[in-house]
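The values are calculated or read from the model by the stated rules, or taken from the named source; none is laboratory data. Keep in mind that what you see is a predicted model, and the values were worked out from it rather than measured. Reconstructed Cβ throughout: ideal geometry from the backbone, glycine too, with neighbour counts over all protein chains shown.
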Amino acid sequence: MVFVVSPTIISEHFVKHKGLAMGINFTGVTMGTFVFPKLLEYLTKTYGLRGALLIFGAIVMNGLAFSLFPRTPKWRSAPAGAPASQAASKGDSKQGTLRHGLTVFKHPIFYLVMYSFIVHSFGFECYISLFVDFAVDRGVAVSSAVTMVSMGAIAEALGRLTLPAAVDRGWLTNKQLIVLIFAVQGAMFILLPFLYVHGLLFAVAAIIAYTIGTGLVLFPVILAIYLGLERMSMAYGMVIASAGLLSFIKPSVIGHFRDHVGAYDALFVICGSLIAFAAIMWVLVFTWEARARKREIAGKRSSAGDAEAATKM
């Protein structure tokens, strides 16, 4: 629940630095993996499992106090005549209702975001679950492969902070970034089975981790752009739920390639192809949007010209 709602709260309170704020939010999950496992180990040894769980529960309960501080910003309480969000459409139900939230299923872009998140999650699970075995099959020492996965967490954290901050500064747009991330990530997964040099394996793995971190930050932002903040939590929750439901079949798929095929090469190629297809779909969507805007501008100019001509007559 917190994972779904927190991006909406951040989007409400941050406009100029939304990407960086979203990145810091998701980086906390990564940073927690460096702190809490060791803390849990220490507390378990010192106070036993029961005491450790009580202390962890007390730490988590502090979140309740902090959750009372956020308030709905003034701009969300705009008068009825204020301009509607980009996602608002004729016939939508009253904002804030469940029926209004379910209107996300009427937007084709929602299904593209859902597909993109599913293949992004699939790529993350393939990377985090299979890279050690894959690297060992390539002759890399187990300790080195494990270290690389740990270092990948740093690359992932950097991905969540740097490129979203670049979007905030205007160096990139969110639309350009999502195409770039999926194109690079797909290419790296496809390239991975053809590499045998250990240094190149680690470099490609770091790039994959970097793109995974950036992609996770982008999804809530893209949903807010297309569907609006009022439906963002519903849309993001549905997107995450779809990936969660499909995760039940992923162990069978991974097991098939390990037990019957004997290697993960083909699986990485399939994973990269699915991710690259998402990049292609986003390019097509953005191209269609650009052409639609040009036609709209041309139509307005034509209407203005006709009105001016009629006035002169």
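Values as computed for the structure displayed
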item: When residues of region 1-13 are limited to those that are within 19 Å of Ala157 (Cβ to Cβ) and either at pLDDT 70 or above or hydroxyl-bearing (Ser, Thr, Tyr) (or both), the one surrounded by the fewest Cβ atoms within 10 Å (Cβ to Cβ); result: Ser6
item: Output for region 140-189, where each listed residue is out of contact with any helix residue (DSSP H, G or I) (no Cβ under 7 Å at 6 or more places or on another chain), over 25 Å from Asn25 (Cβ atoms) and of a type in the set (Val, Ile, Thr); result: Thr147
item: Qualifying residue in region 251-258 (condition: modelled with pLDDT under 80, over 30 Å from Ile10 (Cα atoms) and more than 27 Å from the chain's Cα centre (by Cα)); result: yes
item: Qualifying residue in region 291-310 (condition: touching a Phe, Trp or Tyr at 6+ places or on another chain (Cβ under 8 Å) and either under 30 Å from Gly28 (Cβ atoms) or surrounded by 10 or more Cβ atoms within 10 Å (Cβ to Cβ) (or both)); result: no
item: Region 169-184, residues that are modelled with pLDDT of 90 or more and either of a type in the set (Phe, Trp, Tyr) or in contact with a strand residue (DSSP E or B) (Cβ under 9 Å, 6 or more places away or on another chain) (or both); result: Phe182
item: Test: residue in region 277-286 that is surrounded by fewer than 16 Cβ atoms within 10 Å (Cβ to Cβ) and farther than 13 Å from Lys175 by Cα; result: yes
item: Region 259-271 - residue that is surrounded by 14 or more Cβ atoms within 10 Å (Cβ to Cβ) and over 16 Å from Ile128 (Cβ atoms) and, of those, farthest from the chain's Cα centre (by Cα); result: Asp265
item: Residue among Ala278, Ala263 that is part of a helix (DSSP H, G or I) and either in contact (Cβ under 8 Å) with a residue 40 or more places away in the chain or not hydroxyl-bearing (Ser, Thr, Tyr) (or both); result: Ala278
item: Condition met for Gly32 (at pLDDT 80 or above and surrounded by fewer than 17 Cβ atoms within 10 Å (Cβ to Cβ)); result: no
item: Residue tally, condition surrounded by fewer than 21 Cβ atoms within 10 Å (Cβ to Cβ), of a type outside the set (Gly, Ala, Ser) and either more than 18 Å from Ser150 (Cα to Cα) or modelled with pLDDT under 90 (or both), over region 185-200; result: 8
item: Residue in region 135-179 that is nearest to Ser11 (Cα to Cα), counting only those that are acidic (Asp, Glu) and crowded, with 16+ Cβ neighbours inside 10 Å; result: Asp168
item: Options Val204, Val217; residue that is crowded, with 23+ Cβ neighbours inside 10 Å and of a type in the set (Val, Ile, Thr); result: Val217
item: Qualifying residue in region 290-305 (condition: of a type in the set (Val, Ile, Thr), more than 17 Å from Asp137 (Cβ to Cβ), at pLDDT 85 or above and part of a helix (DSSP H, G or I)); result: no
item: Test for Phe248: is it farther than 19 Å from Val179 by Cα, outside any helix (DSSP H, G or I) and free of Cβ contacts under 8 Å to residues at least 40 places away in the same chain; result: yes
